[in-house]
Amino acid sequence: MIHIDFSASPKRQGYSFPAEWEKHEATWLSWPHKEASWPGKLETIYAPYSNFIKIIAEGEKVRINVKDEAMESDARAHLQKAGADLDQIEFYFNESNDAWCRDHGPAFLLNKSGDKKVVVDWDYNAWGDKYPPYDLDDIIPTKIADQFHLPVFHPKIVMEGGSVEFNGAGTILTTTACLLNENRNPHLSKSQIEQYLLEFYGAEQVLWLGEGIVGDDTDGHIDDITRFVNEDTVLTVVENDPSDDNFLLLQENLESLKSMRLRNGKALNIVQLPMPSAVIYDGTRLPASYANFYIANSAVIVPTFRDNNDEVALKIIQEIFPDRKVVGIDSTDIIWGLGSFHCLSQQEPALKK
């Protein structure tokens, strides 16, 4: 077995990745521009996407990666039309290949006292080299760290933000379907990958689910199926139609969650979310899921799909987050890009003053 030296890892230096519901300084995005990600629909996503930004900006800064002044000007026009507070929105010239900032954006970690911040820049290969080129996306975390004069850690293995969930108390939730896929890190064993997660996210425990939902081209990202909403509670999607292709795999995930124990020996509190009816466009089953919500400082933004279960899902999520407004935004066009609001965003935690 290869020996890996973790002696200078973020964990050994007292850093960890905060839970998404902890206070943000900002949310990072990469402005969508790649026609191939939304063939025939790119122009239709800007209204819901801008509405998403408008709601985030009500409670925190929004920092957007753009190619140049022309893209910034175009973005400003869309945001102005949506009524977003442009004083809360900042633009950075970090050219991207695509818009999925959850996966190519920086992972921000804080130290125990909360007064220092660092960036982890994982390698990025567009979900197993599915969508080249990705050279611009791969270097965005270090560019952002340089702009903000933050230290950077380079684990030198492939990892995507959408493949990991955090409870803010030392536990990471992920899937074997994604992280053990040979198109990511074929040279590493499960235990070695686990060690990287613990050392570079500053965690103590990794819990593994199995498969992701049908239509998910990331090979099973956790943020489409199961999400931590506090230290010991998860929201997990279930399919109620036994004839649906997602039914069995989501039942298996549910059973796995029931058998899991946190570091303190506690079982998870499990809250079930419905799935929307299958969203099919151009003959393709899309990975539509209410689990792909984003927890901002003042709101939880949930993708909706013009479906009967939209209101059911929003009500369940609102009960979980009584201190935030829960907002549904129509993601029917956005999901044609095979992701939604959580996939598009990456939070930057606030320093504790």
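The values are calculated or read from the model by the stated rules, or taken from the named source; none is laboratory data. None of these values were measured; they are calculated from a predicted model. When we count neighbours, we look across all protein chains shown, and the Cβ atoms used for this are built from the backbone with ideal geometry, even at glycine.
Checking Pro18, Pro48, Pro39 one by one, the residue that is within 28 Å of Asp216 (Cα to Cα) and touching a Pro at 6+ places or on another chain (Cβ under 6 Å) is Pro18 and no other. Checking each residue in segment 159-187 for being in contact (Cβ under 8 Å) with a residue 60 or more places away in the chain and touching a Phe, Trp or Tyr at 6+ places or on another chain (Cβ under 9 Å) picks out Glu160, Gly161, Gly162, Glu165, Phe166, Asn167, Gly168, Thr171, Leu173.
Of the residues making up segment 152-166, those that are under 25 Å from Leu268 (Cα atoms) and assigned to a strand (DSSP E or B) number 2. Among the residues of segment 156-187, those identified as surrounded by 19 or more Cβ atoms within 10 Å (Cβ to Cβ) and of a type in the set (A, V, I, L, M) are Val158, Met159, Val164, Ile172, Leu173, Ala177, Leu179. Just one of the listed residues (Ala288, Ala299, Ala313) is of a type in the set (A, V, I, L, M, F, W, C), surrounded by 15 or more Cβ atoms within 10 Å (Cβ to Cβ), over 21 Å from Leu254 (Cα atoms) and touching a residue at least 12 places away in the same chain (Cβ under 8 Å), namely Ala299. Yes or no: Val206 over 26 Å from Phe321 (Cβ atoms), β-branched (Val, Ile, Thr), touching a residue at least 24 places away in the same chain (Cβ under 8 Å) and out of contact with any His (no Cβ under 9 Å at 6 or more places or on another chain)? In short, no. Pairs linking a residue in segment 30-48 that is within 20 Å of Asn94 (Cβ to Cβ) to a residue that is small (Gly, Ala, Ser) and modelled with pLDDT of 95 or more, with Cβ atoms under 6 Å and 6 or more positions apart or on different chains, are Ser30/Ser96; Ser30/Ala99; Trp31/Ala75; Pro32/Ala99; Ser37/Gly337.
Of the listed requirements (1) touching a strand residue (DSSP E or B) at 6+ places or on another chain (Cβ under 7 Å); (2) surrounded by 18 or more Cβ atoms within 10 Å (Cβ to Cβ); (3) not polar (S, T, N, Q), Tyr92 misses just one: (2). Just one residue in the set Gly212, Gly283 is of a type in the set (Gly, Ala, Ser) and at pLDDT below 95; that residue is Gly283. Residues that are in contact with a Pro (Cβ under 6 Å, 6 or more places away or on another chain) and either part of a strand (DSSP E or B) or crowded, with 16+ Cβ neighbours inside 10 Å (or both) are absent from segment 26-33.
At least 1 residues being more than 16 Å from the chain's Cα centre (by Cα) and surrounded by 20 or more Cβ atoms within 10 Å (Cβ to Cβ) is the threshold, and among the helices (runs of 4 or more DSSP H) wholly inside segment 107-151 those reaching it are 140-147. Scan segment 119-127 and tell me whether some residue there is without any contact (Cβ under 8 Å) to a residue 12 or more places away in the chain, acidic (Asp, Glu) and touching a helix residue (DSSP H, G or I) at 6+ places or on another chain (Cβ under 9 Å). No: segment 119-127 contains no residue that is without any contact (Cβ under 8 Å) to a residue 12 or more places away in the chain, acidic (Asp, Glu) and touching a helix residue (DSSP H, G or I) at 6+ places or on another chain (Cβ under 9 Å). Being out of contact with any Cys (no Cβ under 9 Å at 6 or more places or on another chain), in a helix (DSSP H, G or I) and under 20 Å from Ile213 (Cα atoms) is the requirement here; does Ala313 meet it? Criteria met by Ala313. Residues that are assigned to a helix (DSSP H, G or I) and loosely packed, with under 14 Cβ neighbours inside 10 Å within segment 240-284 comprise Leu248, Gln251, Glu252, Glu255, Lys258, Ser259, listed in sequence order.
Residue count for segment 317-337 under the criterion of being touching a residue at least 60 places away in the same chain (Cβ under 8 Å), more than 16 Å from Tyr46 (Cβ to Cβ) and either surrounded by fewer than 18 Cβ atoms within 10 Å (Cβ to Cβ) or touching a Ser or Thr at 6+ places or on another chain (Cβ under 8 Å) (or both): the result is 2.
Looking across segment 1-25 at every residue that is among the polar types (S, T, N, Q) and not in a loop (DSSP other than H, G, I, E, B), the one that is nearest to Ala70 (Cα to Cα) is identified as Ser16. Somewhere in segment 63-70, is a residue in a helix (DSSP H, G or I), surrounded by fewer than 18 Cβ atoms within 10 Å (Cβ to Cβ) and modelled with pLDDT of 95 or more? Yes - at least one qualifying residue is present in segment 63-70.
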